[in-house]
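Read through the structure below, which is laid out as structure tokens, and then see the notes.
The values are calculated or read from the model by the stated rules, or taken from the named source; none is laboratory data. Bear in mind the structure is a predicted one, so any value in this text is a computation, not a measurement. Please note: Cβ atoms are built from the backbone with ideal geometry, for glycine as well, and neighbour counts cover all protein chains shown.
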Amino acid sequence: MSDAFTVLWTHDTCRALRKAGRAGERPPVASSGVHSSLPAWSGARAGDDVYALHVNRCEVFVVSRMRVVDVERHDCCGTAPATWRDPAYPGHDDWSMLGAGGCGAQAVHVDATPVRFDAPLPGELLTRLTWRNRRGQTRGLKFVVDGRLERSVSLQGFYRLTPESADELADVVSCSAS
């Protein structure tokens, strides 16, 4: 059975996506990292879904659902860097804002929905979303007040969703795509 995760895309990431005109396009790749500057997509395997979330003015948006294809370097990634000054993934420069230049970045090839900034999660869903850790313990979002997320700290990182929450996010994505 596949798993589902969330990753928070920052204002800088989303601003760069907008500036580059990536809204409406499907990212072919995202980046995982070993440094705190990038979320480590640890635990994600081929077939898993990753929901890129963004918080803007206390609303949580699903920016894209990405299904992991693999974490291998392919011809599309371009030539591997010969020195630390060389770009890590020159073949994916168009999507570099998703972390390709991050410290220890690793390409994660994905099959994604188009990037969008107009699919807010319903406020009542924020109170129901839950994540589970490797020991099976669950947690919800903190700082949800009247259906609005006052602070995004509990979304920062890469977290495994419970199956119920994964189904609810999948429903939101499928409804907003139609």
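Numbers for the structure displayed
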| read-out | value |
| --- | --- |
| Any pair with Cβ under 7 angstrom, 6 or more apart, that starts in region 73-98 at a residue that is at positive phi and ends at one that is part of a loop (DSSP other than H, G, I, E, B) | Gly78/Tyr89 |
| Residue check, Gly43 of a type in the set (Gly, Ala, Ser) and in contact (Cβ under 8 Å) with a residue 60 or more places away in the chain | yes |
| Conditions (1) surrounded by fewer than 13 Cβ atoms within 10 Å (Cβ to Cβ); (2) closer than 21 Å to Leu121 by Cβ; (3) of a type in the set (Ser, Thr, Tyr); number of the one not met by Tyr51 | (1) |
| All positions within region 54-87 that are among the aliphatic types (A, V, I, L, M) and more than 13 Å from Ala30 (Cβ to Cβ) | Val55, Val60, Val62, Ala80, Ala82 |
| Unique residue being closer than 15 Å to Leu155 by Cβ, of a type outside the set (Asp, Glu), buried (at least 17 other Cβ atoms within 10 Å of the Cβ) and within 15 Å of the chain's Cα centre (by Cα) when the list is Pro39, Pro27 | Pro39 |
| Unmet requirement for Leu161, which otherwise passes all of (1) over 20 Å from Asp48 (Cα atoms); (2) aliphatic (A, V, I, L, M); (3) touching a residue at least 40 places away in the same chain (Cβ under 8 Å) | (1) |
| Single condition Val60 does not satisfy, out of (1) surrounded by 21 or more Cβ atoms within 10 Å (Cβ to Cβ); (2) part of a helix (DSSP H, G or I) | (2) |
| Meets criteria (out of contact with any helix residue (DSSP H, G or I) (no Cβ under 6 Å at 6 or more places or on another chain) and among the small types (Gly, Ala, Ser)) for Ala23 | yes |
| Single condition Ser31 does not satisfy, out of (1) modelled with pLDDT of 95 or more; (2) under 25 Å from Arg132 (Cβ atoms) | (1) |
| Those strands (runs of 3 or more DSSP E) lying entirely in region 63-178 with at least 1 residues among the small types (Gly, Ala, Ser), surrounded by 16 or more Cβ atoms within 10 Å (Cβ to Cβ) and in contact with a His (Cβ under 9 Å, 6 or more places away or on another chain) | 106-112 |
